[in-house]
Every structure is written in C-alpha cells, then in structure tokens.
C-alpha cells in the first residue's frame, strides 16, 4: 500500500486512561499527533493527559450518554482519527443459557452502542473533510471463522455487533476518504485479562497502524498484526 506519511493529525481515543487506550494515546503522541484522551472521570482524564505532555488533551466522555458525547464533541471539535477503545467485560466465565441479561445489556451499551454513538458524533465531519480513520477495538471472541467464544457471551455478542457496525459504517462512507476498520488485538494484559501475554504497548502498535493507514488501505475489514483476517 502507498500513501502519504501522516504527521500532526488530531485523534480521539476513548477509554484512554489505562490499558490499550492509554498505550495507543502514548504512541500517537510519540508520533507527533494531538490526542484527545476521553475518560469518564475528569480526574482520570486530566492526570493521564498531564503524563503525556502538551500534545495530549483531557476530555470527559461517557460513551453511554448522548449528552456526554455531544459535550465532548463540542470541546474537541472535528478530529481526523477516532479509536473506539472503551469497553467492559462483565460476564466472563458464564454461559449463554444462564448469563445475566442485565450484564449483557450493559456490555452491549458500552461496547457496541457506545462506539456507534461516538462514530455518529465524529464521522460526518471526517466525510466533509475528505479524510478520516475510525478504528474499532474488537476481539477474536467475535470471529465466526474461528468459532464464537461461549464463556463470555455478552462480551462476544457486543463485539459481533461492533464488527457488523464496522462493515456498515465503512460501506456508508466508502469513497469519501474515510476508512473504517476493526482490530483484533489478541489477548492483552489489561484489567480485563491480567494474565494475558500481550502487553498493551504491543497491542497499541496494531491499533495505531490501522489509525494511520494510507489512503489506499483496507476499509470495512478485520485486521490483525497488519493483515486482513476473515470475519
């Protein structure tokens, strides 16, 4: 693939105060991009942005609340890159027959509808500008090609929905200069999976690659380690 080198873009990263989100923000800042670090708690947003220096800017955002997303959008203005990273895992170790549907509802609200809400807030300006990158941090649990993960059914369902949203949004903006993709970062050592082998820093490299794809890069795809993988 060919394309211009990306420098000095403006990004929004949700769930940016820890784990993959923080690692993605760190890497984008290191590459010279301005990063709005979106967190639910004002203190967390401020503290993490201060750690990263002047290119990092705190913004309070609860992806489950339309008013909160709208208020954050008014503060940040349009951005070039959105990384939808905010997510929860509430039903690990359960099964689809007995899992709590209340937990499933909350998981879908954050992982799928939250990402959709953020996309609706930021995609139109990307289309108007003729350039943008929207990255969904998804999961291998949602791969039909490999078999869905039954022991976290609500989480798996939410990521299947996120993958479907990725495809639909990519088709809706195809040809506009905006690329929309999902990333499978693998099993990453975060609060969700403290025993996982992949570090957030290593996972962030994959996410940032998708967030800075050249103009002829893939769209509407599931990406892992720099390649397109089957849904």
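Rule-based calculations on the coordinates, nothing more; no lab input. The structure presented is a predicted model; accordingly, all values stated were derived computationally and were not measured. Note that each Cβ is placed from the backbone with ideal geometry, even for glycine, and that neighbours are counted across all protein chains shown.
Using the per-residue mean of other Cβ atoms lying within 10 Å as a proxy for protection, in what order, highest first, do the peptides 92-99, 145-152, 131-138, 56-63 fall? The partial results should precede the final answer.
Working: 92-99: 12.5, 145-152: 14.1, 131-138: 25.6, 56-63: 21.9.
Result, highest mean first: 131-138, 56-63, 145-152, 92-99.
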Of the residues 54, 78, 218, which exhibits the maximal mean-square fluctuation in a Gaussian network model of the chain defined by a 10 Å Cα contact cut-off? 54
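Rounded to the nearest 5, what is the percent of antiparallel bridges among the DSSP beta bridges in the chain? Don't jump to the answer; show the numbers that get you there.
Numbers: 3 of 29 bridges.
Around 10 percent of the beta bridges assigned by DSSP in the chain are antiparallel ones.
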Can you give the FRET efficiency for residue 64 and residue 100, using 1/(1 + (r/R0)^6), R0 = 25 Å, r = Cβ-Cβ distance, to the nearest 0.05? 0.90
Where does the chain land on the Kirkwood hydrodynamic radius, alpha-carbon pairs, in angstrom? 17.4
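To the nearest whole percent, what portion of all C-alpha pairs in segment 105-151 is separated by more than 17 angstrom? Walk me through the numbers before you get to the answer.
On the way: 551 of 1081 pairs.
Above the 17 Å cut-off, segment 105-151 has 51 percent of its Cα pairs.
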Given R₀ = 22 Å, what would the calculated FRET efficiency be for residue 168 paired with residue 127, taking r from the Cβ atoms and rounding to 0.05? 0.90
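Based on the Cβ-Cβ distance from residue 199 to residue 51, what FRET efficiency comes out when R0 is 25 Å, to the nearest 0.05? Working shown, then result.
Working: r = 18 Å, r/R0 = 0.70.
E between residue 199 and residue 51, to the nearest 0.05, is 0.90.
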Could you give the nm distance between label points at residue 227 and residue 149, where each point is 7 Å from its Cα heading toward the beta carbon? 2.1
